[in-house]
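The values are calculated or read from the model by the stated rules, or taken from the named source; none is laboratory data. Since the structure is predicted, the reported quantities are computational estimates derived from the model, not experimental observations. Ideal geometry is used to build each Cβ from the backbone, glycine not excepted, and the neighbour counts take in all protein chains shown. Accessible surface areas use protein heavy atoms only, side chains included; no ligands, DNA or RNA. Shrake-Rupley method; radii C 1.70, N 1.55, O 1.52, S 1.80 Å.
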Amino acid sequence: MALIEVKDLAKAFDGKTVLKGINLELSEGQSKVVMGTSGCGKSTLLRCLNLLLPPTSGRIIFKGEDITRPGVDIRKVRADIGFVFQHFALYRHLTVEENVTLGLRKLKKMKATEAVQKASHELERVGMIEHRGKYPAQLSGGQKQRAAIVRALAMDPAVLFLDEPTSALDPEMSREVVTVINKLFLENVTMLCVTHDPFLAKYISDSIIFLDEGVVVAEDIAERLFYNHADPRIKHFFMSVIDHR
Amino acid sequence: MDAFIQDLIAYWPQILAGLKNTVVLMVIMSVTGLMGGVGVFYLTLSSHKAVRRWMDGFISFFIGTPLIVHLFLMYYGLPELGIRLSAFTVAVIGFTLNVSAYNARYLATAYNGLDKTELEAARSQGFTRRETFRLIIMPQVMRMSVPSLTNQAIQNLKDTSVAFLIQYHDFFAQMQEVASTNFQFFKAYVTAGAVYLALISIIVLAARRLEKRIALPGLAT
């Protein structure tokens, strides 16, 4: 059974339809990347899947439960989905360690010492332990994103959503983050990632979903999508992003 | 000895009582005004449009009308409707409403400078609106508002002298009494000014220490 199953998902803003009937599946341990031109609805899709944006129509089945039906416990669903943002979204007034432990203490009701232990373990995992006492403003972009990944992972989510995790970073920092996400991929962490970065997509995905104008056009492995695809939209997109790099 | 100094000594117990009344009123209105300001600010973020509109109306009304009108309305106007309140009660209510409106506006301004993706992150983690307000918004907004809230506390202290006009026996009322006994108005007002300045200097020094203490490393203050 798929961990996430999306059926005919649509989202419209002020009459403008951004997602036009998306169907996709993500199984446990699987990692998929969503790519497509700017404005094709990639980030909207992620936000609909954890209900940050309410879908206009369609169904999202998460762990066998339809989370689009009324009365669903949105907090419980969100706490089970880790979300990593393009611009890190770390809480500025908290240290790296406090950023990680806040959710553990307040949402998972862990004791402070237990939360710190868990945070230390996760920070160690991505090489951030020596930065635990620093505030976000004292970190580089790559370190911020690694801290944001730890904050999401520490909650032991069923799936990790990543929204353009390398877009706000320079190539060196981007590589640092790709290495971390690739490590998670090799550990079979379930992930759904939105990105423009073919390098990231190739190293962290089982398959790539190509979105165009709110519709899934294709889903395939990187090698088959990247070079000389039969669909001109896909061919043109990957030619431009790969040349651009 | 100078007649003015002699009068000051003679009136010392009343002056001290007035000073105490001034400080008490200032502290009370600063605390209630801050609590009220946080409450109004919280409601300005409500998901209900009607609540937001009411709060905007509240802020606009109290910022847009003079404090003395509110005090006079309650002290001299309400008795016409059979409601009599003491000068102290009127001062506390009037100042609280007024200061709450200003503080809510300062907090809202600081909120505009907040990185809203942090709020999205909090929602995506599963925090409720109230938890997000308490754990993410308030700690940052309060830090950013220290200079404005300090200015407001200073304004509160200065405004206590307005309470003299509704028969509240504050420090300024006592100095006025000293002046009217010996007709040395210049000396009385200069003394009053010096005392206010000394009290305000204490507030400023305390605020500077607080600002240093809560400054976040790596961020410009």
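Equivalent ellipsoid of segment B:3-214: semi-axes from √(5λ) of the C-alpha gyration tensor, largest first, are 39, 22, 11 Å.
Using a cutoff of 8 angstrom between alpha carbon atoms and counting only pairs six or more residues apart, the relative contact order for segment B:3-214 works out to 31 percent.
Here the protein assembly as shown is treated as an ellipsoid with the same Cα gyration tensor; its semi-axes, largest first and in whole Å, are 60, 24, 18. Here the calculated FRET efficiency for A:His121 and B:Arg134, from their Cβ-Cβ distance with R0 = 35 Å, stands at 0.80, rounded to the nearest 0.05.
The label-point distance for B:Ser86 and B:Ser47, in a model that sets each label 7 Å from Cα toward Cβ, rounds to 4.4 nm. Put simply, when B:167-176, B:45-54, B:121-130 are sorted by average Cβ atoms within 10 angstrom per residue, most first, you get B:167-176, B:121-130, B:45-54. In this rough spin-label picture, where each label sits 7 Å from Cα along the Cβ direction, the B:Ile9-A:Ala12 distance is 8.7 nm.
For segment B:3-214, give the percent of accessible area contributed by carbon and sulfur heavy atoms, probe 1.4 Å, rounded to a whole number.
67 percent
Candidate membrane-span-like segments in chain B, meaning DSSP H helices with Cα atoms spread over at least 15 Å of their own axis and a Kyte-Doolittle mean of 1.0 or above, are B:12-44, B:185-214, with no membrane implied. Given R0 = 51 Å, the distance between the Cβ atoms of B:Val24 and A:Ser167 translates into a calculated FRET efficiency of 0.35. Which percent, to the nearest 5, of DSSP beta bridges fully inside the protein assembly as shown are antiparallel? Of the beta bridges lying entirely in the protein assembly as shown, close to 55 percent run antiparallel. The charge dipole of the protein assembly as shown, taken about its Cα centre with unit charges on the Cβ atoms of Lys, Arg (+1), Asp and Glu (-1) only, comes to about 600 debye. A 1.4 Å probe over all protein chains sorts A:Glu65, A:Glu122 by accessible area into A:Glu65, A:Glu122, starting with the largest.
Ligands, DNA and RNA excluded, the heavy atoms of A:Tyr227 present near 130 Å² of accessible surface to a 1.4 Å solvent probe.
Label reach from A:Asp66 (point 7 Å along Cα→C-beta): in segment A:5-25, amide nitrogens under 14 Å belong to A:5-9. The residue among B:Met142, B:Gln155, B:Gly57 whose Cα reaches farthest toward the positive pole of the charge dipole of chain B, with charges on the beta-carbon of Lys, Arg, Asp and Glu, is B:Met142. Placing unit charges on the Cβ atoms only, positive for Lys and Arg and negative for Asp and Glu, gives chain A a dipole magnitude near 800 debye about its Cα centre. Working from Cα pairs under 8 Å separated by at least six residues, relative contact order for segment A:151-234 is 24 percent. Please give the per residue accessible area of segment B:3-214, computed with a probe of 1.4 Å over protein heavy atoms only, in Å². Computed with neighbouring chains in place, this is 52 Å² per residue.
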